[in-house]
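The values are calculated or read from the model by the stated rules, or taken from the named source; none is laboratory data. Note that the structure is a prediction, hence the values are computed from the model and not measured. In this analysis, Cβ positions are derived from the backbone assuming ideal geometry, glycine residues included, and neighbour counts consider all displayed protein chains.
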Amino acid sequence: MASAGAEISELPSEEGQGAGRSRWRARPVDLVYLAARTRADRAAEMEILQTFVGQMRQCLRSLVPGGDAAANRTAAARLRAAALAVGAFALSASAEAVERNGTDPDAIESVHSRVIEAENFVSGLCR
């Protein structure tokens, strides 16, 4: 686990990255953003990411295609806030689409896909 934390904090800062910045934003979780929010505290980063995985799973259980639109919107709002907190910007954008239309099956499927990407990414860091 210590090596995973080292990977997080050793990523280059956003300053002076130019085109490199978009490369980091393309990941399911922007680790540079997260490191800046935690002041590069590796233990905090790992704890936050593990908590985020739990939040994603909980929200995903409440996000049901063809389900109650209000419940889907609520779950999407919680998921969007959690995603923004860690720098999972693509997931946040997908969740925002469900907030706008809680019954859109394509938007809900997009959230499911983004959650899987983010969870796999975090799992890889925790190895």
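Would you check which residues across the range 52-100 are under 13 Å from His112 (Cβ atoms), polar (S, T, N, Q) and under 15 Å from the mean Cα position of the chain (by Cα) and list them? Matches in the range 52-100: Ser94 only. Take the residues of the range 102-122 that are without any contact (Cβ under 8 Å) to a residue 24 or more places away in the chain and not β-branched (Val, Ile, Thr): which is surrounded by the most Cβ atoms within 10 Å (Cβ to Cβ)? Among those residues, the one meeting the criterion is Ala107.
When you look at Gly20, is it at pLDDT below 95, part of a helix (DSSP H, G or I) and not acidic (Asp, Glu), yes or no? Taking the combined requirement at face value, the residue satisfies it.
Across the range 55-86, the number of residues qualifying as crowded, with 19+ Cβ neighbours inside 10 Å and either in contact with a strand residue (DSSP E or B) (Cβ under 6 Å, 6 or more places away or on another chain) or at pLDDT 95 or above (or both) comes to 9. Between residues in the range 78-96 that are without any contact (Cβ under 8 Å) to a residue 12 or more places away in the chain and residues that are of a type in the set (Ser, Thr, Tyr), which pairs lie under 9 Å by C-beta distance while being six or more apart or on different chains? Listed pairs, sorted by first residue: Ala81/Ser92; Leu84/Ser92; Ala93/Ser110.
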